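Below: the structure, in structure tokens.
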Amino acid sequence: MAQLVVVAENALLPGETHPRPAKLTVDLESGRIRNVQDGIVDIEDKDGVEILRVTDEDVLLPGLIDCHVHLNQPGRTDWEGFQTGTLAAISGGVTTLIDMPLNSIPPTTTVAHLNEKREEARRVGMSCDLGFWGGIIPGNSSELRGLLKEGVKGFKCFLIESGVEEFPCVGEEDLLEACNALEGTNALILFHAELDSSPSQSDTNSCEHPERYSTFLRSRPPALELDALSLILRFAKQFPSLRFHIVHLSASSALPVIQHAREEGMQNLTVETCFHYLTLSSEDIPENRTEYKCCPPIRDEVNRQALLQGVRDGIIDFVVSDHSPCTPELKKGDFLSAWGGVSSLGLGLQLLWTELGGQGQQDLPWGRIVDLLCARQAKQVGIDDRKGGLAIGKDADFVIFSPKQATHLEQSHLNFKNKMSPYVGKRLNGSVKATYIRGQQVWDGSQGKALDPKRGHFI
Ligand SMILES: [Zn+2]
């Protein structure tokens, strides 16, 4: 039987403090890891055995997961698409994406819509594995169990306008209806956690200086996130048979509230933040640079430092991109008029590595970075039997990462469709040399190209 044997001087398993030598045997027929051995074991060349040596300069990591991306196909394929989005993923070592239900037309709010999306993805092909979130909108509660049965990983909803009319936000009654429909299923409900319960708290009337980031920032204060959080906590208490998740947390003032709820015994609440909240600060955003605009907004440096501490302390469960692109036309103009969304698909490993991957006291052990980008997300979406580690029986999805290399990020390095990102011009540490899915190389970092652009499966 055809085999691939990967011999690595440095292999990093989620949660481990240091890389260690390891030998991985991959069954190429099934694409799964057949064996993992500690240390470099002598191997002889045998027929039918391919050997891949990962040298001392590089580190072998499990394939990464990004649970929060907007691929927008069908319907807004000029914003992104299955092909370009999954290509950007593998270029950054991400081997599994979970696509958000909105910004595509139709949104993933019915089984028929889910099938339409899958059909489209199947037609154009995808470079990495792909799963789908469903959506909760007013009036679709009768679809939710069907969507779950068809394999969606959970359901996203908005407590404030989403920005697209085909995905309206829910009120408490809609949410109650949805939770009642899902009760007992252990389903995961994701919240865009901003709630404008008293419109006076956000300074929306101040439209002076729309070119300044501070004007936009004032219109989305942390109070919106805190108000949403208190509603979510109420629901999490009321529905212990469901799981509740806060997507893209930006306001660090929510962290003690979340921690307190957990200390009081709440076990069905998780929270993610995004690369941009951990790496960018509002003070540094130049006028009219709308590629930095997203909701909730990037806040100040004090907030950023507190979020980083939330990651170190383990209050924040994992980190995602929330890659939410659009066309250049929609990013034109000022901070109040431009579309909100940051594009960073595939840059996450380099971003976290640059921010937290050194050897200083404030840095994280390498294995924890892998945990945030991989194992925890696999568990969250229930694919940890196949994904999120280098272990016997899992898919042989892995990455060869060069931690000592650095990139001055240029627009031409971006592999997603619309090449706008706040990170262009910045220096990023580390680079992805190669990405493998089910034992086959799909990305060659030295040439900057995909080798097997239709390798992805649905997951
Ligand atoms: Zn999003």
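The values are calculated or read from the model by the stated rules, or taken from the named source; none is laboratory data. These figures come from a predicted structure and were not determined experimentally. Here the Cβ is made from the backbone with ideal geometry for all residues, glycine too, and neighbour counts use every protein chain on show. Quick note on the areas: whole protein, heavy atoms, side chains included, nothing else; ligands and nucleic acids left out. Shrake-Rupley method; radii C 1.70, N 1.55, O 1.52, S 1.80 Å.
Of all residues in segment 335-345, those being open to solvent by less than 10 Å² (accessible area, probe 1.4 Å) and not polar (S, T, N, Q) number 5.
All conditions in (1) more than 29 Å from Thr435 (Cα to Cα); (2) in contact (Cβ under 8 Å) with a residue 40 or more places away in the chain; (3) within 16 Å of the ligand (Cβ to nearest atom) hold for Leu102, with the sole exception of (1).
Look at segment 172-201: where a residue is over 20 Å from Ile258 (Cα atoms) and a partner is of a type in the set (Val, Ile, Thr) and buried (at least 23 other Cβ atoms within 10 Å of the Cβ), sitting 6+ places away or on another chain with Cβ atoms under 7 Å, you get Ala178/Ile136. Residues satisfying the criterion are present in segment 190-209 (criterion: among the aliphatic types (A, V, I, L, M), open to solvent by 30 Å² or more (accessible area, probe 1.4 Å), away from the ligand (no atom under 16 Å from the Cβ) and over 19 Å from Lys117 (Cβ atoms)). Between Val311, Val320, the distinction of being open to solvent by less than 20 Å² (accessible area, probe 1.4 Å), more than 16 Å from the ligand (Cβ to nearest atom) and touching a residue at least 12 places away in the same chain (Cβ under 8 Å) belongs to Val311 only.
Quick check on segment 403-410. Is at least one of its residues open to solvent by 40 Å² or more (accessible area, probe 1.4 Å), of a type in the set (A, V, I, L, M) and under 21 Å from the mean Cα position of the chain (by Cα)?
Of segment 403-410, the ones open to solvent by 40 Å² or more (accessible area, probe 1.4 Å) are 404-406, 408, 410.
Retained after the next criterion (residues that are of a type in the set (A, V, I, L, M)): 406.
Then keep just the ones that are under 21 Å from the mean Cα position of the chain (by Cα); that gives none.
Checking segment 403-410: not a single residue is open to solvent by 40 Å² or more (accessible area, probe 1.4 Å), of a type in the set (A, V, I, L, M) and under 21 Å from the mean Cα position of the chain (by Cα).
Every residue in segment 82-137 that is in a helix (DSSP H, G or I), under 13 Å from Phe458 (Cα atoms) and acidic (Asp, Glu), please. Hits for segment 82-137 are Glu119, Glu120. Exactly one residue out of Glu165, Glu177 is open to solvent by 50 Å² or more (accessible area, probe 1.4 Å), in a helix (DSSP H, G or I) and closer than 29 Å to Ala223 by Cα: that is Glu177.
Which residue out of Leu144, Leu159, Leu190, Leu175 is out of contact with any Cys (no Cβ under 8 Å at 6 or more places or on another chain) and among the hydrophobic types (A, V, I, L, M, F, W, C)?
Numbers: Leu159 fails: out of contact with any Cys (no Cβ under 8 Å at 6 or more places or on another chain); Leu190 fails: out of contact with any Cys (no Cβ under 8 Å at 6 or more places or on another chain); Leu175 fails: out of contact with any Cys (no Cβ under 8 Å at 6 or more places or on another chain).
Sole residue among the options that is out of contact with any Cys (no Cβ under 8 Å at 6 or more places or on another chain) and among the hydrophobic types (A, V, I, L, M, F, W, C): Leu144.
For the structure I just gave you, tell me whether Gly358 is more than 27 Å from Gly131 (Cβ to Cβ) and surrounded by fewer than 19 Cβ atoms within 10 Å (Cβ to Cβ). Here the answer is yes, as Gly358 does meet what is asked.
Please indicate, with yes or no, whether at least one residue in segment 278-295 is open to solvent by 10 Å² or more (accessible area, probe 1.4 Å), modelled with pLDDT of 95 or more, assigned to a helix (DSSP H, G or I) and hydrophobic (A, V, I, L, M, F, W, C). No, because not a single residue in segment 278-295 is open to solvent by 10 Å² or more (accessible area, probe 1.4 Å), modelled with pLDDT of 95 or more, assigned to a helix (DSSP H, G or I) and hydrophobic (A, V, I, L, M, F, W, C).
Return yes or no: is Ile298 in contact with a His (Cβ under 7 Å, 6 or more places away or on another chain) and open to solvent by less than 10 Å² (accessible area, probe 1.4 Å)? If you could, list the steps in order and put the result at the bottom.
On the way: in contact with a His (Cβ under 7 Å, 6 or more places away or on another chain): yes; open to solvent by less than 10 Å² (accessible area, probe 1.4 Å): yes.
So Ile298 passes the test.
The set of residues in segment 35-73 that are outside any loop (DSSP other than H, G, I, E, B), under 30 Å from Phe275 (Cβ atoms) and open to solvent by 40 Å² or more (accessible area, probe 1.4 Å) contains only Val36.
Output the residue which, of all residues in segment 211-252 that are touching a residue at least 40 places away in the same chain (Cβ under 8 Å) and of a type in the set (Gly, Ala, Ser), is nearest to Gly341 (Cα to Cα). Across segment 211-252, the extreme among qualifying residues is Ser250. Residues that are open to solvent by less than 10 Å² (accessible area, probe 1.4 Å) and either within 16 Å of the ligand (Cβ to nearest atom) or in contact with a Gly (Cβ under 9 Å, 6 or more places away or on another chain) (or both) within segment 74-94 comprise Glu80, Phe82, Gly85, Thr86, Ala88, Ala89, Ile90, Gly92, Gly93, listed in sequence order. For segment 323-335, the set of residues classified as within 16 Å of the ligand (Cβ to nearest atom) and either part of a loop (DSSP other than H, G, I, E, B) or at positive phi (or both) consists of Ser324, Pro325, Cys326, listed by residue number.
Scan segment 230-241 for residues that are aliphatic (A, V, I, L, M) and either surrounded by fewer than 17 Cβ atoms within 10 Å (Cβ to Cβ) or out of contact with any strand residue (DSSP E or B) (no Cβ under 7 Å at 6 or more places or on another chain) (or both) and report the count.
The initial filter retains those residues of segment 230-241 that are aliphatic (A, V, I, L, M), namely 231-233, 236.
Then keep just the ones that are either surrounded by fewer than 17 Cβ atoms within 10 Å (Cβ to Cβ) or out of contact with any strand residue (DSSP E or B) (no Cβ under 7 Å at 6 or more places or on another chain) (or both); that gives 231, 233.
The qualifying residues number 2.
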